[in-house]
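Notes for the one structure printed next.
The values are calculated or read from the model by the stated rules, or taken from the named source; none is laboratory data. Not measured: the values here are computed from a predicted model. All Cβ positions, glycine included, derive from the backbone under ideal geometry; neighbour counts span all protein chains shown.
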Amino acid sequence: MRSLFGGQLPAAVIYDLDGTLVDSVPDLHSAVERFQQQLGLPTASECEVRDWVGNGAARLVERALAASAGERAEALFPAAMEAFMVAYADTNGRRARLYEGVRPVLEALAAEGVPQALVTNKPLAFTHPLLEKLGIASYFSPVLGGDSLPAKKPDPAPLRAVAETLGVAPERCLMVGDSRNDLLAARAAGMPVACVSYGYNHGEPIAVSCPDLLVDSLLKLL
Ligand SMILES: O=C(O)COP(=O)(O)O
Ligand SMILES: [Mg+2]
């Protein structure tokens, strides 16, 4: 990580959540399965849901409907969205786990006084309870969800907003993510970007998008 900043630490680190810090797919899959069952639709596998995550809750529901509801997808969307929100409020955090290395890295950077922030496409109402459950909420300020601003990643607006809030130049921040949404947002904001290889990227290895740094564990950032 220091190699990207002339041997120094970045002025701030901005993390993605799902697929970068937290393996949240088991809980998202349970919620998708539940709304599909309620609507009498065939249910998705966990692998399918893994490839659909990353553009926020509405896109996840749309992708699940496209795969299971055929011509009825559009008409079923409002009911599916409502059922998903209720189901995920219940399943969120049940099986979610921090990836290896996450807590030590958060601790190490906090000890060095590096500000850490979170920009996820997950709705904010699900983000705060998940961070609390996993015991990592106190590391991040600010926390932006997919519905915090009019635009979400891959739009650079949330990353720019964080840099401005923290009073640091975007090029001195490091974005850490798992998907091309994180990478495109960072590039458009003028931020160096590190990606983890183990996350969710719509079924494609993130290496294809050539991040500035590619790591198989957050520990490699140190
Ligand atoms: O699409 C989601 O809800 C997950 O988003 P994230 O990878 O930006 O945390
Ligand atoms: Mg992600």
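Observations on the structure shown:
- Residue check for residue 99: surrounded by fewer than 20 Cβ atoms within 10 Å (Cβ to Cβ), closer than 16 Å to residue 53 by Cα and within 15 Å of ligand 1 (Cβ to nearest atom): no
- Within region 1-28, the set of residues being over 16 Å from residue 86 (Cβ atoms) and in a helix (DSSP H, G or I) comprises 2, 3, 4, 5, 25, 26.
- If you go through region 52-80 and pick out every residue that is within 13 Å of ligand 1 (Cβ to nearest atom) and either of a type in the set (A, V, I, L, M, F, W, C) or part of a helix (DSSP H, G or I) (or both), you end up with 10.
- Pairs with Cβ under 6 Å, 6+ apart, first in region 13-41 and touching a residue at least 60 places away in the same chain (Cβ under 8 Å), second among the polar types (S, T, N, Q): 13/116; 17/120; 18/24; 27/91; 27/92; 30/91; 31/91
- When residues of region 166-206 are limited to those that are over 21 Å from residue 49 (Cα atoms) and small (Gly, Ala, Ser), the one farthest from ligand 2 (Cβ to nearest atom): 167
- Per the listing 41, 106, the residue uniquely in the same structural domain as residue 196 (by TED's automatic domain parsing) and either within 16 Å of ligand 1 (Cβ to nearest atom) or at pLDDT 95 or above (or both) is 106.
- Residue 88 surrounded by 16 or more Cβ atoms within 10 Å (Cβ to Cβ), among the aromatic types (Phe, Trp, Tyr), in contact (Cβ under 8 Å) with a residue 40 or more places away in the chain and under 15 Å from residue 199 (Cα atoms): no
- Residues (assigned to a loop (DSSP other than H, G, I, E, B) and crowded, with 20+ Cβ neighbours inside 10 Å) located in region 169-181: 178, 179
- Residue in region 147-168 that is under 15 Å from the mean Cα position of the chain (by Cα), small (Gly, Ala, Ser) and not in a loop (DSSP other than H, G, I, E, B) present: no
- Of the residues making up region 84-92, at least one is within 16 Å of ligand 1 (Cβ to nearest atom), out of contact with any strand residue (DSSP E or B) (no Cβ under 8 Å at 6 or more places or on another chain), assigned to a loop (DSSP other than H, G, I, E, B) and polar (S, T, N, Q).
- The residues of region 68-85 that are of a type in the set (Gly, Ala, Ser), crowded, with 16+ Cβ neighbours inside 10 Å and either within 30 Å of residue 138 (Cα to Cα) or free of Cβ contacts under 8 Å to residues at least 24 places away in the same chain (or both) amount to a single one, 73.
- Applying the condition of being in a helix (DSSP H, G or I) and buried (at least 23 other Cβ atoms within 10 Å of the Cβ) to region 182-211 and asking which residue is nearest to ligand 1 (Cβ to nearest atom) yields 182.
- Residue in region 114-128 that is away from ligand 1 (no atom under 12 Å from the Cβ), loosely packed, with under 14 Cβ neighbours inside 10 Å and either assigned to a loop (DSSP other than H, G, I, E, B) or more than 16 Å from the chain's Cα centre (by Cα) (or both) present: no
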